[in-house]
Amino acid sequence: PGRVLCKLPCSGEKEVDLAVQSAKAAFKIWSQMSGMERCRVMLEAARIIREQREEIATMETINNGKSIFEARVDIDISWQTLEYYAGLAGSLAGEHIQLPGGSFGYTRREPLGVCVGIGAWNYPFQIACWKSGPALACGNAMVFKPSPFTPISVVRLAEIFTEAGVPKGLFNVVQGGAATGQLLCQHPDVAKISFTGSVPTGMKIMEMAAKGIKPVTLELGGKSPLIIFSDADLENAVKGALMANFLTQGEVCCNGTRVFVERKILDTFTKEVVKRTQKIKIGDPLLEDTRMGALINKPHLNRVQGFIKQAKEQGAEVLCGGDLYVPDDPKLKNGYYMCPCVLGNCKDDMTCVKEEIFGPVMAILPFDTEEEVVERANTTKFGLAGGVFTRDIQKAHRVVAALKAGMCFINNYNVSPVELPFGGYKSSGFGRENGRAAIEYYSQLKTVCVEMGDVESVF
């Protein structure tokens, strides 16, 4: 509730260089190990996380403010991620290509070197596992910078990797804000940068990486559409809309914050969503029955409130929530809590519909035809996610095929199994996390061409 948990010094040039050099030394050892050897170490790290699930989840709740119920899910996804990439580590392979006259070529999949991971404050531990899992499986080292708002839990991950047996310094953590991030991006010994965060910061990172011809993976913001057709299972669609808007206090990049509802069911759907939203239990995130904790900090809470005020000025109607919430517990009275908000009477050109709010604010928009809703859904610079609720399976596949978004959901929302690639289109970034796809972004291909006869010379 607004108290200082601890103070951490920002990593300057000296500390960043030290972290990169120690990762570079560890890389020499790790990259020479077989995939199976790396697999065993990563499985051990996953086992430790699974075993310490409760204490890591508690640490994450204190770190971020999300409910303990959600933090446990994050930690489960984290160990599953390491387990999944441990399983892939032993199977990474190139291919052999037969050429004329007994000659042949082959490819080798090789690690990049020291990779940089820069995390966001909404899923601190999970993002660090999403980035380090494929990076380490491919034989890389990683220097990770968490958000200065959530610096704590990633340090625990570094300790766990060391306990599990990775070479000392293979996964290093540096702390700080933009200046530290800049030092990492510009370091000559860094091979790649993977960033999760806002579009403006993503642009800056890409610019800095360009100077060193470093590849980047960018997982940026979104203003994703959630399309509810009149033939959808209403109960499911309402649950989907809540999942798409209110997880982690609405601070989720792939949230479906533009909820398009077919006019026939607009009133029924809206009434039910408002009823359910008002029942969401807000308060101490460490209590078992809390479903919504505190927002990340005071400036962010003020920003979200500003969006709601502006929405009202532009003609949107606050159907519920939007106010600050003061819990009964006097210890929590300075906490950054607010009531989840549903906005009705929204239009496509309102700021609350066009810009990412990154808080518990849902905008409901009516539509009449499939063609119209697809066009409106795509009228955005973002393209991270999109969802469709309908019982008509042909329509579902048709609509997701037409959505310009990297992560689409049919009759569910905000499910991110590690087996499936995750990432965006357009301004939402490029590159993929999770799935086999991530391997492409943490390794490079070497081609070897072998001549078994005489060299054919033109000279």
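The values are calculated or read from the model by the stated rules, or taken from the named source; none is laboratory data. It should be emphasised that the depicted structure is a prediction, and the values quoted were computed from it without experimental measurement. Cβ sites come from the backbone with ideal geometry, for glycine too, and all protein chains shown count toward neighbours. The protein model used for the area step is the full one, side chains on, heavy atoms only, and it has no ligands, DNA or RNA in it. Shrake-Rupley method; radii C 1.70, N 1.55, O 1.52, S 1.80 Å.
General observations
- V73 vs. criteria crowded, with 23+ Cβ neighbours inside 10 Å and not assigned by the TED database to the domain that holds M338: no
- Residue tally, condition over 25 Å from the mean Cα position of the chain (by Cα) and part of a helix (DSSP H, G or I), over region 278-303: 1
- Selection status of A210, open to solvent by less than 20 Å² (accessible area, probe 1.4 Å) and modelled with pLDDT of 95 or more: no
- Reported count of residues in region 339-358, each being farther than 22 Å from E372 by Cα and surrounded by fewer than 19 Cβ atoms within 10 Å (Cβ to Cβ), is 1.
- Cross-chain or 6+ apart pairs with Cβ under 6 Å, region 124-143 first and under 20 Å from S91 (Cβ atoms), then part of a loop (DSSP other than H, G, I, E, B) and of a type in the set (S, T, Y): P134/Y442; A135/Y442; C138/Y442; G139/S31; N140/Y442
- Enumeration of residues in region 321-338 that are under 28 Å from the mean Cα position of the chain (by Cα) and either surrounded by 17 or more Cβ atoms within 10 Å (Cβ to Cβ) or assigned to a helix (DSSP H, G or I) (or both): G321, G322, G335, Y336, Y337, M338
- Among residues of region 1-22 that are within 30 Å of P327 (Cβ to Cβ), those with a beta-carbon under 8 Å from a residue that is part of a loop (DSSP other than H, G, I, E, B) and among the β-branched types (V, I, T) at least six positions away or on a different chain give the pairs L5/I152; C6/I152.
- Some residue of region 373-380 being open to solvent by 50 Å² or more (accessible area, probe 1.4 Å) and in a loop (DSSP other than H, G, I, E, B): yes
- Of all residue pairs spaced 6 or more apart or on separate chains, those with beta-carbon atoms under 7 Å, a first member in region 383-397 that is without any contact (Cβ under 8 Å) to a residue 24 or more places away in the chain and a second member that is part of a loop (DSSP other than H, G, I, E, B) and surrounded by fewer than 24 Cβ atoms within 10 Å (Cβ to Cβ) are A396/T390.
- Verdict on S443 being open to solvent by less than 100 Å² (accessible area, probe 1.4 Å), over 24 Å from M350 (Cα atoms) and at pLDDT below 95: no
- Exclusive hit being touching a helix residue (DSSP H, G or I) at 6+ places or on another chain (Cβ under 7 Å) and surrounded by fewer than 24 Cβ atoms within 10 Å (Cβ to Cβ), set V155, V166, V238: V238
- Here E356 meets the list (1) under 21 Å from C253 (Cβ atoms); (2) in contact with a Cys (Cβ under 7 Å, 6 or more places away or on another chain) almost entirely, failing just condition (2).
- Candidates R53, R38: the one that is out of contact with any strand residue (DSSP E or B) (no Cβ under 8 Å at 6 or more places or on another chain) and either among the aromatic types (F, W, Y) or open to solvent by 30 Å² or more (accessible area, probe 1.4 Å) (or both) is R53.
- For N414, the conditions (1) more than 21 Å from G117 (Cβ to Cβ); (2) without any contact (Cβ under 8 Å) to a residue 40 or more places away in the chain are fulfilled apart from (2).
- Answer from E110, E60 - the residue that is closer than 30 Å to Q182 by Cα, of a type in the set (D, E), open to solvent by less than 20 Å² (accessible area, probe 1.4 Å) and within 26 Å of the chain's Cα centre (by Cα): E60
- Qualifying residue in region 208-226 (condition: without any contact (Cβ under 8 Å) to a residue 12 or more places away in the chain, more than 23 Å from T351 (Cβ to Cβ) and small (G, A, S)): yes
- Selection status of G306, within 17 Å of N245 (Cβ to Cβ) and either in a helix (DSSP H, G or I) or at pLDDT 95 or above (or both): no
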